[in-house]
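Student: Can you read through this structure? Questions will come right after.
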Amino acid sequence: MATRRDARVWLALVTVYIVWGSTFIALAIAVRDLPPLLAMSTRHLLAGTALLAFALPRGDRGGDRIGWAQVRAGLVFGGFLFLLSHGGLAWAQQTVPAGVAALLAGSIPIWMALIDRVAFGRRLHSSAYAGFVLGFVGLAFLVDPFGEGSVDRLGAVVVILGALAWAAGSLYSRGAALPKRPLVAAGLGSLCGGVLLFVASSATGELGEARFTLDALLAVGYLIVIGTFVGFTAYVWLLRVAPISLVATYAYVNPIVAVFLGWILLGEEITLQMAIAGSAVVVAVALIVRASGTALEPGRGVLRRGRPVPVESSA
């Protein structure tokens, strides 16, 4: 029985590795013909609706209703993850290769650990701080702000800021008034993010620029069905049955998968700069993920005061 469970865990983990790595390729194809915000709006409106239709009738419907508090939290959550992060990523991938975008987006665990430390006082081992330094050096080398560089700097910065937004939104969700059921929360956030993306797409005049080609529609369909339904379902299941330290390995495997698929399917070049910078980011994430698995006494943060130090009696 244990062997069968282990086999299913590894099957789900490999699924997340490949599926979430491949979404960067699908997105690169989608934004060739569809405006970026509209493409992401279509993805999240349909995915969010389908997730809610599936998840709402299941579980604690009476004690886990969706009210205005949940909708407001969903708008904030969806705004960070899907409008700012996915929307920014889609916009940037018009000029930034899929493999490079994946390496930059792979910095999410770095930002998450940094925000958790600064804002919420979560202490980290020294290896995590080494990971911060190595990760930011890798990002700077990849963006190459002071050299000639082969990467569109504005697009690269937008991807990095999108990774920061994803990390901030993920940490916000821990104490937000989102529905307790994971699939309902994910569906609500996706739907709210899709609405915000559609508003932004309309405001920027994208609707008149859309070309609904077969390639673009298939790419968006892949993002919905494979990226969200298959990948996210496997991820949610893994969170329940596998160690977090094992599940978190997707953060440094996905960029490698995306770089490889970008080379194979899109003919993207793998440069020495990408290899060095990407290796630095991947090792940095591995150091931080490993360090985050050890619990330490919380410290003082911007949004959290440290515990008062007990005063010893002189009697």
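Student: Would you mind finding the one in Thr213, Thr249 that is in contact (Cβ under 8 Å) with a residue 12 or more places away in the chain, touching an Asp or Glu at 6+ places or on another chain (Cβ under 6 Å) and surrounded by fewer than 20 Cβ atoms within 10 Å (Cβ to Cβ)?
Tutor: Of the residues listed, the single one that is in contact (Cβ under 8 Å) with a residue 12 or more places away in the chain, touching an Asp or Glu at 6+ places or on another chain (Cβ under 6 Å) and surrounded by fewer than 20 Cβ atoms within 10 Å (Cβ to Cβ) is Thr213.
Student: Going by what's in this entry, would Ala168 be described as at pLDDT 80 or above, under 19 Å from Val96 (Cα atoms), surrounded by fewer than 22 Cβ atoms within 10 Å (Cβ to Cβ) and among the small types (Gly, Ala, Ser)?
Tutor: For Ala168, the condition - at pLDDT 80 or above, under 19 Å from Val96 (Cα atoms), surrounded by fewer than 22 Cβ atoms within 10 Å (Cβ to Cβ) and among the small types (Gly, Ala, Ser) - is not met.
Student: Check the stretch 84-92 and report whether any residue there is of a type in the set (Phe, Trp, Tyr), in contact with a helix residue (DSSP H, G or I) (Cβ under 6 Å, 6 or more places away or on another chain) and assigned to a helix (DSSP H, G or I).
Tutor: Yes.
Student: When the stretch 216-241 is examined, which residues are found to be buried (at least 19 other Cβ atoms within 10 Å of the Cβ) and over 24 Å from Leu45 (Cα atoms)?
Tutor: Result: Leu238, single match.
Student: Sticking with this one: Looking at (1) in a loop (DSSP other than H, G, I, E, B); (2) crowded, with 22+ Cβ neighbours inside 10 Å; (3) of a type outside the set (Ser, Thr, Tyr), can you tell me which one Asp60 breaks?
Tutor: (2)
Student: Moving on to the next point. Looking only at the stretch 52-75, decide whether some residue is touching a Phe, Trp or Tyr at 6+ places or on another chain (Cβ under 8 Å) and of a type outside the set (Val, Ile, Thr). Spell out the reasoning first.
Tutor: From the stretch 52-75, those touching a Phe, Trp or Tyr at 6+ places or on another chain (Cβ under 8 Å) are none; that's our starting set.
Within the stretch 52-75, none of the residues are touching a Phe, Trp or Tyr at 6+ places or on another chain (Cβ under 8 Å) and of a type outside the set (Val, Ile, Thr).
Student: Let me confirm something: among Thr49, Thr23, which residue is modelled with pLDDT of 90 or more and either touching a Cys at 6+ places or on another chain (Cβ under 7 Å) or surrounded by fewer than 18 Cβ atoms within 10 Å (Cβ to Cβ) (or both)?
Tutor: Exactly one residue qualifies, and that residue is Thr49.
The values are calculated or read from the model by the stated rules, or taken from the named source; none is laboratory data. Values in this document were obtained by computation on a predicted structure and should not be read as measured data. Methodologically, a virtual Cβ is constructed for each residue, glycine included, from the backbone with ideal geometry; neighbour enumeration extends over all protein chains shown.
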